[in-house]
Amino acid sequence: MERTNLSPYTNQTTTKHNTYTNSGGSDNCTDDDKWASKLLRECARAIYDKDSAKINHLLWMLNELSSPYGDCDQKLAYYFLQALFCKATESGQRCYKTLISVADKTHCFDTAKKLILKFQEVSPWTTFGHVASNGAILEAFDGENKLHIIDISNTLCTQWPTLLEALATRSDETPSLKLTVVVTANMVRSVMKEITQRMEKFARLMGVPFEFNVITGSSRSLGQLTKEELGVQEDEAVVINCIGALRKIEVEERGDVIRLFSSLKPRVVTVVEEEADFTSSRSDFFKCFEECLRYYTLYFEMLEESFSPTSNERLMLERECSRSIVRVLSCDDKENVGSGDCERREKGNQWCERLKELFSPVSFSDDVVDDVRALLRRYRSGWSLAVDQANSNKDSGILLAWKDEPVVWASAWKP
């Protein structure tokens, strides 16, 4: 399942320190004695307490010590400083729109492709969900000849080449596949024409009868889409695949989206989300900040240990994080920043509570779990499958852990 050689995507400083810095020991930015988290917490608390003198002092200190090109501490300080400054000055909406505008202007297919493929090469952060979901999807499609995947994700379809290969090598007749991609991110829309051409070419090469449809720019919410708009036919075996996209849906609309899924009568729904909770604490700035710092500290540490110090791809991923941090900590949800810009993530146990209203969890088979374990062995040490302590039932999904800290949750569901 993990053969990718035929994929349509394949192409052959130092800054000032003071007494808060710690020049000795590991560069692991999750250490409790690192200076960035201390200063950032003090600044967040000062903002929460509306202590203007302390806010100004701490923002100045962070500005002196931070750098987007330094070590993990300096980078965390730099990107969180931006969000905290926006929160303190109530300029989050303007800053976020500027960051998105700059990113849109530099976004192209080749750059996005290189970034995604390099990330998948050095880290299982995204491929973990792809392998788990593809395994569940292939098992749900077993014996079916007319397949329809509704893909709600922003991964530029990098998940699907291995699934197409698996369908092409099926022992019985090769089934037809319709892939309907629902695009929820503005930056992905600009590259869908290129992706369409590549996916259609690859399907022809694999000998899989293939139809590719893209749904973008809907003025309505995802939950208001209809069976007709999604092109669902009565004689199709339908699967819904959601990779890192549900967090982009407004919290109040998530129930509508799950009801839409149920109305399509899918064979299986696969859901993959990062293990962070920016929803339950949204009314408490400091609690939300703590969760945001915890999650992004893990992410930045993973990037530091996975990429070389001079990696352009690493810098691009960090800048992408900076936009999310600003969005979470300094933007008012009541203001309409733009379609698909919600950053209210929920953990696996929270999604379970929502999904269990209309769906039943399906445990991944031993074969799928073995495929995931085999995937993790391809990467450096530190990656593992974690036990979901919040849900003792193994049907609630599987968790990818980085140094024993859960970071990504994958699950499968049936009506």
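The values are calculated or read from the model by the stated rules, or taken from the named source; none is laboratory data. Here the structure is a predicted model, which means the values were calculated and not measured. Cβ placement follows ideal geometry from the backbone for every residue including glycine, while neighbour counts extend to all protein chains displayed.
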- Item | Those residues of the stretch 82-91 which are surrounded by 14 or more Cβ atoms within 10 Å (Cβ to Cβ) and over 22 Å from the mean Cα position of the chain (by Cα), in sequence order | Leu84, Phe85, Cys86, Lys87, Ala88, Ser91
- Item | Enumeration of residues in the stretch 32-50 that are surrounded by fewer than 15 Cβ atoms within 10 Å (Cβ to Cβ) and among the acidic types (Asp, Glu) | Asp32, Asp33, Asp49
- Note on the structure: Filter the stretch 159-184 for residues that are outside any strand (DSSP E or B) and of a type in the set (Ser, Thr, Tyr); the one that is modelled with the highest pLDDT is Thr162
- Message: Need the failing condition index for Asn312 against (1) at pLDDT below 95; (2) within 22 Å of Ser221 (Cβ to Cβ), just the number.
- Response: (2)
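So, of the residues in the stretch 94-105 that are of a type outside the set (A, V, I, L, M, F, W, C), closer than 16 Å to Glu320 by Cα and in contact with a helix residue (DSSP H, G or I) (Cβ under 9 Å, 6 or more places away or on another chain), which turns out to be surrounded by the fewest Cβ atoms within 10 Å (Cβ to Cβ)? Working first, answer last.
Here is the first cut: in the stretch 94-105, the residues of a type outside the set (A, V, I, L, M, F, W, C) are 94, 96-98, 101, 104-105.
Next, only the ones that are closer than 16 Å to Glu320 by Cα stay: 96-98, 101, 104-105.
Imposing the further condition that a residue be in contact with a helix residue (DSSP H, G or I) (Cβ under 9 Å, 6 or more places away or on another chain) reduces the set to 96, 104.
Numbers: Tyr96: 22, Asp104: 12.
Restricting to residues being of a type outside the set (A, V, I, L, M, F, W, C), closer than 16 Å to Glu320 by Cα and in contact with a helix residue (DSSP H, G or I) (Cβ under 9 Å, 6 or more places away or on another chain), the top hit is Asp104.
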- Given the conditions (1) closer than 30 Å to Leu358 by Cα; (2) in a loop (DSSP other than H, G, I, E, B), and given that Gly223 satisfies all but one, which numbered condition is not satisfied? (2)
- Message: Return the residues of the stretch 138-184 that are aromatic (Phe, Trp, Tyr) and in contact with an Asp or Glu (Cβ under 9 Å, 6 or more places away or on another chain); say none if nothing qualifies.
- Response: Trp160
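Which is touching a helix residue (DSSP H, G or I) at 6+ places or on another chain (Cβ under 7 Å), crowded, with 22+ Cβ neighbours inside 10 Å and either among the small types (Gly, Ala, Ser) or more than 30 Å from Leu164 (Cβ to Cβ) (or both), of Ser133, Ser66? Give the steps one after another, and end with the answer.
Values: Ser133 fails: touching a helix residue (DSSP H, G or I) at 6+ places or on another chain (Cβ under 7 Å).
Unique residue meeting the criteria: Ser66.
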- Task: Return yes or no: is Asp151 within 18 Å of Ala245 (Cα to Cα), modelled with pLDDT of 90 or more and charged (D, E, K, R)?
- Result: yes
- Report yes if Ala112 is in the same structural domain as Arg327 (by TED's automatic domain parsing) and either modelled with pLDDT of 90 or more or surrounded by fewer than 18 Cβ atoms within 10 Å (Cβ to Cβ) (or both), otherwise no. no
- Sort out which residues of the stretch 139-158 are over 13 Å from the mean Cα position of the chain (by Cα), crowded, with 20+ Cβ neighbours inside 10 Å and either assigned to a loop (DSSP other than H, G, I, E, B) or aliphatic (A, V, I, L, M) (or both), and write them in order of number. Ala140, Phe141, Leu147, Ile149, Ile150, Cys157, Thr158
